[in-house]
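Please read the structure below before turning to the comments.
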Amino acid sequence: MKYLKAFLIVLLTTILVNILFSSLCYFNIIGNTTNSVLKILSILVLSFISGLYIGIKSNNKGYLEGIKVGLITILFIILLSYLGFNDNFNMIKIFYYFLILLVTIIGSVIGINKKEKK
């Protein structure tokens with residue numbers, strides 16, 4: 001259940017933030033390049049927050065919890081990209097997926113270290 005909560009934090013907030021950024025781009029407040037960068041940064045920040053959340057909720061080995069949440073997020077993005085939008089696979093996306101996984105792991109490690117010891 002805690003993995004579902006952490007994944008939903010990323011998913012729902014990413015959808016809302018991306019709608020906001022797309023609206024700003026539509027009304028020519030920000031440019032296309034800025035929109036793309038903001039979308040990537042929002043997913044990375046939200047992955048960090050979900051890793052932090054799962055790290056605080058877990059008891060030990062925060063990096064494993066971060067790997068689990070990061071892989072769930074990456075799997076969803078891959079399924080949505082390739083099955084939903086027929087998007088091609090390239091090296092930049094591999095780097096992007098690795099970055100999502102790394103940021104989630106770092107967030108979970110920080111989260112487990114910030115947790116109060118009982």
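The values are calculated or read from the model by the stated rules, or taken from the named source; none is laboratory data. Since this is a predicted model, take the numbers as computed values, not measurements. Don't worry about glycine lacking a Cβ; one is built from the backbone with ideal geometry, like all the others, and counts go over all protein chains shown.
Conditions tested, residue by residue: (1) among the hydrophobic types (A, V, I, L, M, F, W, C); (2) loosely packed, with under 10 Cβ neighbours inside 10 Å; (3) at pLDDT 90 or above.
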site	(1), (2), (3)
Leu80	yes, no, no
Leu83	yes, yes, no
Asn86	no, yes, no
Tyr96	no, no, yes
Ile100	yes, no, yes
Val103	yes, no, yes
Ile110	yes, no, yes
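Leu44 meets the conditions (1) part of a helix (DSSP H, G or I); (2) exposed (fewer than 12 other Cβ atoms within 10 Å of the Cβ) in every case but one. The failed one is (2).
For segment 71-118, name all the residues that are over 17 Å from Ile40 (Cα atoms), without any contact (Cβ under 8 Å) to a residue 24 or more places away in the chain and charged (D, E, K, R). Matches in segment 71-118: Glu116, Lys117, Lys118.
Among Lys93, Lys39, which is the only one that is within 11 Å of the chain's Cα centre (by Cα), charged (D, E, K, R) and in a helix (DSSP H, G or I)?
Lys39
Residue-level analysis places Val69 outside the set of residues that are at pLDDT 90 or above, under 22 Å from Lys115 (Cβ atoms) and surrounded by 13 or more Cβ atoms within 10 Å (Cβ to Cβ). Based on what the data block shows, is Gly55 outside any loop (DSSP other than H, G, I, E, B), surrounded by 14 or more Cβ atoms within 10 Å (Cβ to Cβ) and in contact (Cβ under 8 Å) with a residue 60 or more places away in the chain? Criteria met by Gly55. Among the residues examined, Ile19 does not qualify as assigned to a helix (DSSP H, G or I) and touching a residue at least 24 places away in the same chain (Cβ under 8 Å). Per the listing Ile56, Ile29, Ile74, Ile19, the residue uniquely within 13 Å of the chain's Cα centre (by Cα) and of a type in the set (A, V, I, L, M, F, W, C) is Ile74.
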